[in-house]
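Below: the structure, in structure tokens.
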Amino acid sequence: MSIYELEHAVFRETKTTFNLTSFEEDILALVSLINQTHVEINIYSHTLNRLIFDTEAVVTACEKFCLKNHRTKINILVNETRPITRISHRLLGLSHRFPSSVFFKKTHADISHREDDFICFDKSGYLQIPNYQHYIGICNFSDADRTAQFLSYFHDAWERSAVDIELRSMPL
């Protein structure tokens, strides 16, 4: 895979599965997918790794996504809230600025935990980091079948989870 191919991948058209081998490639793929998504982004993550999710490029792309139209939605399901709230994660701040677009929940204790982090873009594309403590990942801009598998787990976990008190916006 070349960076050029990844930068020019087209949402719902490029069927290549890209192997991501650095934090920089993870961020590049994530930003490219966010920029091309139309309505919904679903993120399942253990701790929203700061080296990927708390970067200027990703937060800016998410902000632009929220401003696209009134129907855009980013659902974020996390296993651990303490690392996110303790360090003032910028995606948490974004949820306070866009409360009708960005939603956080903490996975319920009875949900089987996975070893990966994954993000689904509409019902078409995905990015997966198989070991959430590492940076090596894969993504595909047009794989509805694989994305549906991730979404099945995500929607079930989302419905059975709740908003954690630490993730709620505190009115000033």
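FYI, it's all coordinate maths here, none of it is from the lab. This is a predicted model, so every value here is computed, not measured. Cβ: placed from backbone, ideal geometry, glycine included. Neighbour counts: every protein chain shown.
Side notes on the structure shown:
- Counting Lys and Arg as +1 and Asp and Glu as -1 over every other residue whose Cβ lies under 15 Å from the Cβ of VAL59, the net charge comes to 0.
- Centroid-to-centroid, using Cα positions, the stretch 1-73 and the stretch 78-136 are 13 Å apart.
- Extending 7 Å from Cα along the Cβ direction at ALA144 and again at GLU159 yields two label points whose distance is 2.1 nm.
- Between GLU166 and HIS113, the FRET efficiency estimated from the beta carbon spacing at R0 = 25 angstrom works out to 0.85.
- Cross-link reach list, lysines versus LYS105, counting only Cα pairs under 19 Å and skipping chain neighbours closer than eight places: LYS73
- Two tests apply to each whole DSSP H helix in the chain, Cα reach of 24 Å or more along its axis and mean Kyte-Doolittle hydropathy of at least 1.6, and none passes both.
- The calculated 222 nm mean residue ellipticity attributable to helices in the chain amounts to -11000 deg cm²/dmol, summing -39500 (n - 2.57) over DSSP H runs of n ≥ 4 and dividing by all residues.
- All-pairs alpha carbon distance profile, the stretch 23-167, 10 Å steps from 0, percent: 12, 47, 38, 3
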